Amino acid sequence: MTIKVSQLLYYPVKSLKGVCVDKLEVDGFGPKWDRRFMLVDEKGRFITQRQCPVMNQVSAWVEDEKLIIKFQSQQQSIDLNDIERFEQFTQVKVWDDTVHARMINHELNHWLSHVLKRNVNLCFMDENTHRQVDLAYSKPGDRASFADGFPFLIISEASVNFLSDKLSHQLSIERFRPNIVVSGCDPFAEDQWTQVEINGIAFDIVKPCSRCVIPTLDLNTSEKQPEVMQAMLKYRKQGKHVMMGQNAIHSAQGWLNIGDEIQVN
């Protein structure tokens, strides 16, 4: 059985809807542009779908050197080449980490605050910022963007399909917010992997991903679907947590492509 990359995704703004791509550049942070932007409140605390479910209906992607954000028929953008002109920096909080972030003083903030019905400010993680990955699972120098804690999340189609079979509807893989989706393996085969190699890039599989309420949110209505959590609790509870997908740390930079074969070590 050949295991291959079936989908690639990145999420420029933490907790906004991401974008599927045919190829994905891997840089020092992980997927290029992935979670380099984040929304914070007046106290610099990060905002996600946990507090603001409608964020899962707001799309973000990078195209032609612009960050583009879209909600329904409305669309706003900011030129990435203009980011450095915003000279205000603030300490922001993402989980237990305090990060030095560039505050983006742009009309996007007013528009997003209106869309999300709360005051938000877009911030950016500069190239020279180092947010260390938890040393319990990494080595010094491994870094993450504004992602929850790790550069990559890997999940298999079979795992999501297994859970869907236990429900009355098909679950979109996008609910689980992976970067790399794989096909050609058994459900939850990724639980047993310790390292994989894709197109010459090695990934250490370091920790199962503990799931919160986000996978239960309907992607069209943002409403919670409790049956999704109930299914995860029944089939994916490990200790006190529900696990779906695997966090991974990359060892090199390069490109990933749809159809790339995956070598499991």
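Tally the DSSP beta bridges in the stretch 1-118 and give the antiparallel ones as a percent, rounded to 5.
Around 90 percent of the beta bridges assigned by DSSP in the stretch 1-118 are antiparallel ones.
Tell me which aspartates and glutamates have Cα within less than 20 Å of K139's Cα, excluding those fewer than 8 residues away on the same chain?
D27, D96, D97, E127, D148, E197, D204
Over the chain, with a Gaussian network built from C-alpha contacts below 10 Å, which listed residue (P140, P31, P187) shows the highest mean-square fluctuation?
Of P140, P31, P187, the most mobile in the Gaussian network model is P140.
What lysines could a cross-link reach from K234, if we take a straight Cα to Cα line under 23 Å and drop same-chain neighbours fewer than 8 places away?
K166, K207, K224
Residues of the stretch 204-225 with amide nitrogen under 20 Å from the 7 Å Cα-to-Cβ point of D134?
Only 204-215 pass the distance filter.
Measuring from centroid to centroid over Cα atoms, what is the spacing of the stretch 6-63 and the stretch 192-265 in Å?
A separation of 16 Å, based on Cα centres.
Give me the percent relative contact order of the chain, please, defined on Cα pairs under 8 angstrom at least 6 residues apart.
24
Please report the orientation-averaged projected area of the chain, defined via the convex hull of its C-alpha atoms, in nm².
Its average projected convex-hull area is 13.8 nm².
What nm distance separates the two modelled labels at K234 and Q192, each placed 7 Å from Cα along Cα→Cβ?
My value for the distance between the label points is 2.5 nm.
Taking a label point 7 Å from the Cα of N257 along the Cα→Cβ vector, which residues of the stretch 4-32 have an amide N closer than 20 Å to it?
Residues 4-10, 20-27, 31-32 fall inside that zone.
Rule-based calculations on the coordinates, nothing more; no lab input. As the structure is a computational prediction, the values presented were derived from the model and not from experiment. All Cβ positions, glycine included, derive from the backbone under ideal geometry; neighbour counts span all protein chains shown.
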